[in-house]
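A.B. asks: This is the structure I want to talk about, given as structure tokens.
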Amino acid sequence: MKSRLITFVLFLIIAVNMQSQNPNFHIYLCFGQSNMEGSADIEEQDKLPVEGFKVMASTDCDKNGREIGNWYDAVPPLSQCWARLSPSDYFGRTMAACTPDGIEVGVISVAVGGSDIRLFDKAIYQDYTNSYPAQWFVDQVNAYGGNPYERLISLAKQAQKNGVIKGILLHQGETNERDQNWPKYVKVVYDNMLRDLSLNAEDVPLLAGEVVHADMGGQCSSMNTIINTLPYTIPTAHVISSSKCSVSEDNVHFDSAGVRKLGRRYATEMLSILGY
């Protein structure tokens, strides 16, 4: 009798969870360093929300009234309170506009400017929380409770109660320029994400964007050769070209137009994967 009662209770819990999870709410996890964080100017055209595009706040932000873990209409910044325009903005806007009616798109963005990819390796992240000794870097890491990976995973688990994680977006590489082991580092992080969130790689591809391209004078463009090898290490990885995406004066960060173009390219690839 007792075992039947326990089984019935478990059934009810599963049933409630299934009812609260909306299969038409597609969620994407975004992580990386400064370009993903948002480094381009936010212009007037970027400030209007798009129907069906949401962001889960990854930090508290009094400036725009956001609290960690809550969903909001997605207007930049999508990561830290003081960040600017990111490829995740125009990825989400394009996805919301181009997917069938009834599907909503949500993003969760956790990114730290200047970070080594291993800051997101849960086993060794503490070795990379002071990659830059400057206070600005410390503050960025601390905004995520000192552990950006854990913040992303905890929010993703919460988001899974609302919808379905459909993909992971990465933009990182400038800090790891010329490091031939970068694809292996990324694989560790990606595999951990899949395992910690009970996801299958075949259902949740990894989209990795190139850094500023050589055709735009990118200071770190040699890293793109390494980034383009990622699918050999991760079969479900897709590389997003940054060719002709315009840049800011430092030739490391994309400008607003470049960010929009890159974000749309992420979306175009994801839409193709989904068969739309």
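The values are calculated or read from the model by the stated rules, or taken from the named source; none is laboratory data. For clarity, every value in this text was computed on a predicted model and none was experimentally measured. We place every Cβ from the backbone using ideal geometry, glycine too, and count neighbours over all the protein chains shown.
A.B. asks: Can you report the number of residues in segment 46-102 which are within 16 Å of S256 (Cβ to Cβ), over 18 Å from the mean Cα position of the chain (by Cα) and not acidic (D, E)?
C.D. replies: So the count comes out to 2.
A.B. asks: Here's another thing I want to ask about it. Which ones in segment 140-150 are farther than 11 Å from Y125 by Cβ and either crowded, with 20+ Cβ neighbours inside 10 Å or under 12 Å from the mean Cα position of the chain (by Cα) (or both)?
C.D. replies: Of everything in segment 140-150, those that are farther than 11 Å from Y125 by Cβ and either crowded, with 20+ Cβ neighbours inside 10 Å or under 12 Å from the mean Cα position of the chain (by Cα) (or both) turn out to be Q140, A143.
A.B. asks: Something else about it: Name the residues in segment 70-80 that are surrounded by 15 or more Cβ atoms within 10 Å (Cβ to Cβ) and touching a residue at least 24 places away in the same chain (Cβ under 8 Å), would you?
C.D. replies: W71, A74, V75, P76, P77, L78, S79, Q80
A.B. asks: Turning to a different aspect of this structure: Report yes if S248 is surrounded by 18 or more Cβ atoms within 10 Å (Cβ to Cβ), among the hydroxyl-bearing types (S, T, Y) and either over 15 Å from the mean Cα position of the chain (by Cα) or under 18 Å from Q33 (Cα atoms) (or both), otherwise no.
C.D. replies: No; evaluated as a whole, the condition is false for this residue.
A.B. asks: Which residue pairs have Cβ atoms under 8 Å apart, sit 6 or more places apart or on different chains, and have a first residue in segment 100-126 that is under 13 Å from H26 (Cα atoms) and modelled with pLDDT under 95 and a second that is of a type outside the set (A, V, I, L, M) and buried (at least 20 other Cβ atoms within 10 Å of the Cβ)?
C.D. replies: Note: no pairs meet the criteria.
A.B. asks: H171 fails exactly one of the following numbered conditions: (1) free of Cβ contacts under 8 Å to residues at least 40 places away in the same chain; (2) buried (at least 22 other Cβ atoms within 10 Å of the Cβ); (3) within 16 Å of L119 (Cβ to Cβ). What is the number of that condition?
C.D. replies: For H171, the failing item is (1).
A.B. asks: Considering segment 229-270 alone, what residues qualify as being among the polar types (S, T, N, Q), within 15 Å of L170 (Cβ to Cβ) and in contact (Cβ under 8 Å) with a residue 40 or more places away in the chain?
C.D. replies: Selection gives T229, T233.
A.B. asks: All but one of (1) over 12 Å from N35 (Cβ atoms); (2) assigned to a loop (DSSP other than H, G, I, E, B); (3) in contact with an Asp or Glu (Cβ under 8 Å, 6 or more places away or on another chain) hold for P235; which doesn't?
C.D. replies: (3)
A.B. asks: Which residues, counting only those in segment 89-142, are closer than 25 Å to H253 by Cα, of a type in the set (G, A, S) and in contact with a helix residue (DSSP H, G or I) (Cβ under 9 Å, 6 or more places away or on another chain)?
C.D. replies: G92, G106, S109, A111, G113, G114, S115, S131
A.B. asks: Still on this structure, I have one more. Consider R178 against the criteria (1) more than 24 Å from P76 (Cα to Cα); (2) of a type in the set (K, R); (3) surrounded by 22 or more Cβ atoms within 10 Å (Cβ to Cβ): it satisfies all of them except one. Which criterion is unmet?
C.D. replies: For R178, the exception is condition (3).
A.B. asks: Looking at segment 215-228, which of its residues are over 11 Å from L170 (Cβ atoms) and surrounded by 15 or more Cβ atoms within 10 Å (Cβ to Cβ)?
C.D. replies: Selection gives M216, G218, Q219, C220, S221, M223, N224, I226.
A.B. asks: Within segment 66-87, is even one residue within 21 Å of E43 (Cβ to Cβ), assigned to a helix (DSSP H, G or I) and out of contact with any Asp or Glu (no Cβ under 6 Å at 6 or more places or on another chain)?
C.D. replies: yes
A.B. asks: Here is a follow-up. Does S154 count as closer than 25 Å to A237 by Cβ, assigned to a loop (DSSP other than H, G, I, E, B) and free of Cβ contacts under 8 Å to residues at least 60 places away in the same chain?
C.D. replies: no
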